[in-house]
Amino acid sequence: MFLNQFLLLAAVLFCIGVYGVISRRNGVMVLMSIELILNSVNINLVAFSAMTGAVSGQVFALFVIAVAAAEVGVGLAIVLAIFRNYRSVDLDDVDLMKG
Amino acid sequence: MGGLLLAAAANADAGVYVAQNVAFGIIAALMVFSAFRVVTTDNVVHAAFYLVMVLAGAAAQFILLGAEFIAITQVLVYIGAIVVLFLFGIMLTKAPMSGEEKLSRDNWALGALTSVVLLALLGYVLVDGFGKDKLPADLLPTPTAAISDAIFGGYLIPFEVISLLLLAALIGAIVIARRD
């Protein structure tokens, strides 16, 4: 197996996630796209770990999973607070600090 | 894109790793399709379940790479906890279930252009930098003991920092989301 097939798969998933973050209006959908991005990073880390035989890549993949869990918890709490104040999760409505 | 990955998998290492490459191609095509549906579907609940497909596919790729512990953790944490959290978020925010409200912006074409340019750039750099590199032929599963030795040995302080981060995120989520 080539290393590149995993790296290219991760790159495709990363770009799809970036598209989701840019084009989605719903706050929950933006968080889902961020999960796609973090997951593609994990594929990269594990692929490099398998390539070099070092275990550090897998340790950092575990750390990324933990950070992703924390990020989703806080992110959904923020979306919930936005929903409570605006009665909507449309991110275009949240323009209080717009200049 | 899935076809391109399939072709790349079919050409790689003919004869030795046929089964792994076929498995990689099928799973990769499924993952790319599901990820595309996550960012394009008009139904929030469908998006959550397509996200499950992507995450399960990533777990399968980790097993192909010999990282069993990461694959198990991926299933436990991502599919078991994070997706359930997403479903609760969808439920509590009363997001549109049947697609009567638009989920995407009108200027999505600009986002598509951005990500296609990014993909072209990343693809060029990856093919240029790692085009010849192959994974080792004797790719054995990583023993979980080696991972735990690394976490509780050289990476002990980052591990403690991650624990503190999880605690802070827990308390922060409660403080932000509670009614007062």
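The values are calculated or read from the model by the stated rules, or taken from the named source; none is laboratory data. No experiment lies behind these values; they were computed from the predicted model shown. Because the Cβ atoms are built from the backbone with ideal geometry, glycine has one as well, and the counts that use them run over all protein chains shown.
For the range A:51-66, how many residues are facing chain B (nearest Cβ under 7 Å), without any contact (Cβ under 8 Å) to a residue 12 or more places away in the chain and in a helix (DSSP H, G or I)?
Counting residues in the range A:51-66 that are facing chain B (nearest Cβ under 7 Å), without any contact (Cβ under 8 Å) to a residue 12 or more places away in the chain and in a helix (DSSP H, G or I) gives 5.
When only residues in the range B:98-109 that are surrounded by 12 or more Cβ atoms within 10 Å (Cβ to Cβ), in contact with a helix residue (DSSP H, G or I) (Cβ under 9 Å, 6 or more places away or on another chain) and at pLDDT 55 or above count, which is farthest from A:Asn26 (Cα to Cα)?
B:Trp108
All but one of (1) free of Cβ contacts under 8 Å to residues at least 40 places away in the same chain; (2) within 30 Å of B:Phe36 (Cβ to Cβ); (3) buried (at least 16 other Cβ atoms within 10 Å of the Cβ) hold for B:Met91; which doesn't?
The one condition B:Met91 does not meet is (3).
Residues to consider are A:Val41, A:Val30; find the one that is touching a strand residue (DSSP E or B) at 6+ places or on another chain (Cβ under 6 Å), in a helix (DSSP H, G or I) and more than 7 Å from chain B (Cβ to nearest Cβ). Steps first, please.
Numbers: A:Val41 fails: touching a strand residue (DSSP E or B) at 6+ places or on another chain (Cβ under 6 Å).
Testing whether each residue is touching a strand residue (DSSP E or B) at 6+ places or on another chain (Cβ under 6 Å), in a helix (DSSP H, G or I) and more than 7 Å from chain B (Cβ to nearest Cβ) leaves just A:Val30.
Please give the number of the condition B:Ala137 fails out of (1) within 20 Å of A:Ala81 (Cβ to Cβ); (2) surrounded by fewer than 18 Cβ atoms within 10 Å (Cβ to Cβ).
Single failed check for B:Ala137: (1).
Would you tally the residues in the range B:13-64 being closer than 23 Å to B:Ala109 by Cβ and either in a helix (DSSP H, G or I) or modelled with pLDDT of 95 or more (or both)?
Count: 13.
So B:Gly89 passes all but one of these: (1) at pLDDT below 95; (2) under 21 Å from the mean Cα position of the chain (by Cα); (3) more than 7 Å from chain A (Cβ to nearest Cβ). Which condition number does it fail?
Unmet for B:Gly89, out of (1) at pLDDT below 95; (2) under 21 Å from the mean Cα position of the chain (by Cα); (3) more than 7 Å from chain A (Cβ to nearest Cβ): (3).
Mind counting the residues in the range B:33-70 that are more than 9 Å from chain A (Cβ to nearest Cβ) and hydrophobic (A, V, I, L, M, F, W, C)?
Adding up the residues that qualify gives 9.
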